[in-house]
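Just below is one structure, and these are the notes that go with it.
The values are calculated or read from the model by the stated rules, or taken from the named source; none is laboratory data. Keep in mind it's a predicted model, so treat the numbers as computed, not measured. Backbone-built Cβ (ideal geometry, glycine too); neighbour counts: all protein chains shown. The accessibility values were calculated without ligands, DNA or RNA, using every heavy atom of the protein model including side chains. Shrake-Rupley method; radii C 1.70, N 1.55, O 1.52, S 1.80 Å.
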Amino acid sequence: RMEVTLKDGFIGLHDIKYPDYQTSANGCWSLSYSMLLKSRGVNLSQEEIRCWRPDYPEGTPPEEMANPERKMLMNADGGNAVYPNADLAMKVLPNTAMNQLRLEPFESALLTLNGKPLEKDQAQIVQDEYCAQVKTRLQEQITEAIVAHQSPVSIAWDGHYVTITGISEDGNTIRYEESRGAGTNSPRTRTMTLDK
């Protein structure tokens, strides 16, 4: 496991960095996945991860092995993700678990009070409380993953994965690795507030 340290105001895994930018259009997930494995001492490149195919145990029903949706995902450079490929981690890291947390976007149009849509100021109050609870949940989950499990966090928003490697002492800012930007001078290690 990697060492968790406090440096430059961030509690985190300071020695884990993306080795490169993503090498395919949908390569963000595989590069983030490679950092999860690297935190456990397994070095697989993003290309090796994208080439991985599951080993079906003897007796697996043929319809499961021939699942056209799964085959399309495994053989196309689009639509793949970290969590649906969790069995790769189980194969190379026995006795390892992977958790997924999904935070739904706030939808004020779905809220009603006594059967009527909320007024604008009422909706804002609910939205502010929702955002505060999401922020608290993110702070707790990111801190637990990094401090208790010595693991970076793969997080996707708007269909793009980045890897969180640290959280500020006050819990308001994350440090993360960005895989987009090959051929540019943009930094791979970046920070962002949890509010954003």
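What to note about this one:
- Residues in segment 26-46 that are in contact (Cβ under 8 Å) with a residue 40 or more places away in the chain and in a helix (DSSP H, G or I): Cys28, Trp29, Ser30, Leu31, Ser32, Tyr33, Met35, Leu36, Leu37.
- Scanning segment 15-24 for residues that are under 16 Å from Leu37 (Cα atoms) and either among the basic types (Lys, Arg) or open to solvent by less than 30 Å² (accessible area, probe 1.4 Å) (or both) yields a count of 3.
- Residue within segment 67-76 that is among the basic types (Lys, Arg) and modelled with pLDDT under 80 present: yes
- Restricting attention to segment 101-117 and to residues that are part of a helix (DSSP H, G or I) and of a type in the set (Gly, Ala, Ser), the residue that is surrounded by the most Cβ atoms within 10 Å (Cβ to Cβ) turns out to be Ser108.
- Glu64 passes every criterion in (1) farther than 27 Å from Thr193 by Cα; (2) open to solvent by less than 90 Å² (accessible area, probe 1.4 Å) apart from (2).
- For segment 114-157, the set of residues classified as without any contact (Cβ under 8 Å) to a residue 24 or more places away in the chain and at positive phi consists of Asn114, Gly115, listed by residue number.
- Taken over segment 25-44, residues that are aliphatic (A, V, I, L, M), surrounded by 14 or more Cβ atoms within 10 Å (Cβ to Cβ) and in contact with an Asp or Glu (Cβ under 9 Å, 6 or more places away or on another chain) amount to 2.
- Which numbered condition Ile49 misses (of (1) modelled with pLDDT under 85; (2) not in a loop (DSSP other than H, G, I, E, B)): (1)
Residue-by-condition table, conditions (1) under 27 Å from Arg188 (Cβ atoms); (2) surrounded by 14 or more Cβ atoms within 10 Å (Cβ to Cβ); (3) out of contact with any Gly (no Cβ under 9 Å at 6 or more places or on another chain):
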residue: Leu13; (1), (2), (3): yes, yes, no
residue: Gln46; (1), (2), (3): yes, yes, no
residue: Asp87; (1), (2), (3): no, no, yes
residue: Asn99; (1), (2), (3): yes, no, yes
residue: Glu119; (1), (2), (3): no, no, yes
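- Candidates Arg175, Arg180, Arg137, Arg190, filtered to the one that is open to solvent by 40 Å² or more (accessible area, probe 1.4 Å) and part of a strand (DSSP E or B): Arg190
- Qualifying residue in segment 169-180 (condition: among the aromatic types (Phe, Trp, Tyr) and at pLDDT below 90): no
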